[in-house]
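Read the structure below first, then the notes.
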Amino acid sequence: MSRSNLYVGLIHYPVLDKKGEIVTTSVTNLDIHDISRSCHSFGVKKLFLVTPIEPQRKLVSRILNHWERDDANAYNPDRFNALRIVELVDSYHSAINLISEWEGKGPKLITTGAKVTLKDQPLTGLESILKIDKTPIFLVFGTGWGLAPNIEEEADFKLAPILGANPDGYNHLSVRSAVAIYLDRVNELFADNSL
Ligand SMILES: C[S@@+](CC[C@H](N)C(=O)[O-])C[C@H]1O[C@@H](n2cnc3c(N)ncnc32)[C@H](O)[C@@H]1O
């Protein structure tokens with residue numbers, strides 16, 4: 001079983017703010033640590049942290065470099081191993097270019113979000129891409145109030161949202177939870193070991 005062509009992106013630009021305007025959000029330490037652990041646990045090849053803001057990239061680099069030091073690695077190798085899959089980029093197009101270069105084939109760009117849309121496809125939409133096509137997948141998650149329309153428009157499709165079970169329809173998960181739930185569900189697609 002291998003999902004080596006699955007890539008995840010955490011997008012800090014372009015995302016929406018509360019008023020529906022396109023903004024850049026700040027990278028949070030919690031997201032880096034928690035999402036890299038989920039991604040590494042489920043065999044994701046790289047977790048791209050996407051921010052165009054140079055001081056933010058410097059800050060993230062400092063965090064990553066800290067955990068790469070020998071003493072930090074010796075103190076907590078689990079954290080070190082998870083953070084090794086993090087790749088810092090200035091735009092999601094840079095991530096797409098890197099994946100294309102590494103895989104010799106451009107990835108399918110697949111978005112996520114809590115709302116139901118016309119572009120939604122069930123998770124099984126990933127199955128044939130991963131199992132038959134072997135095309136790399138770049139599965140992207142939003143921050144702030146979610147992904148901006150321009151990245152949605154560029155996407156090959158959007159994954160149907162995680163609906164939850166509350167009768168009032170509430171399904172606004174933290175991005176950390178959403179990543180973990182989807183990755184577990186993707187893993188279930190391969191439970192028959194036919195990949
Ligand atoms: C809008 S951000 C919220 C960021 C928030 N500040 C945090 O700390 O997580 C949450 C992201 O997680 C994903 N997400 C959240 N709830 C979801 C759901 N029910 N179904 C699918 N994706 C979801 C989407 O990628 C969404 O853009």
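Kindly indicate whether any position in the stretch 61-70 is among the aliphatic types (A, V, I, L, M), exposed (fewer than 12 other Cβ atoms within 10 Å of the Cβ) and either more than 20 Å from residue 173 (Cβ to Cβ) or within 16 Å of the ligand (Cβ to nearest atom) (or both). Among the residues of the stretch 61-70, not one is among the aliphatic types (A, V, I, L, M), exposed (fewer than 12 other Cβ atoms within 10 Å of the Cβ) and either more than 20 Å from residue 173 (Cβ to Cβ) or within 16 Å of the ligand (Cβ to nearest atom) (or both), which makes the answer no. No other residue among 8, 89 is closer than 27 Å to residue 157 by Cβ and surrounded by 20 or more Cβ atoms within 10 Å (Cβ to Cβ) apart from 8.
Let's see how each residue does on (1) among the charged types (D, E, K, R); (2) not in a helix (DSSP H, G or I):
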| site | (1), (2) |
| --- | --- |
| 164 | no, yes |
| 170 | no, yes |
| 184 | yes, no |
| 187 | no, no |
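Whether any residue in the stretch 177-184 is of a type in the set (Ser, Thr, Tyr) and touching a residue at least 60 places away in the same chain (Cβ under 8 Å) is what I want to check. Yes, the stretch 177-184 contains at least one residue that is of a type in the set (Ser, Thr, Tyr) and touching a residue at least 60 places away in the same chain (Cβ under 8 Å). When 88, 30, 47 are screened for being part of a helix (DSSP H, G or I), among the aliphatic types (A, V, I, L, M) and touching a residue at least 24 places away in the same chain (Cβ under 8 Å), only 30 passes.
Residue-by-condition table, conditions (1) touching a strand residue (DSSP E or B) at 6+ places or on another chain (Cβ under 7 Å); (2) at pLDDT below 95; (3) near the ligand (Cβ under 9 Å from one of its atoms):
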| residue | (1), (2), (3) |
| --- | --- |
| 109 | yes, no, no |
| 115 | no, no, yes |
| 134 | no, yes, no |
| 144 | yes, no, yes |
| 147 | yes, no, yes |
| 159 | yes, no, yes |
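Of the residues making up the stretch 161-195, just one is closer than 18 Å to residue 6 by Cβ, acidic (Asp, Glu) and within 14 Å of the ligand (Cβ to nearest atom), namely 184.
The values are calculated or read from the model by the stated rules, or taken from the named source; none is laboratory data. Everything quoted here is computed from the prediction, not taken from an experiment. Quick reminder, even Gly has a Cβ in these numbers, built from the backbone with ideal geometry, and neighbours come from all protein chains shown.
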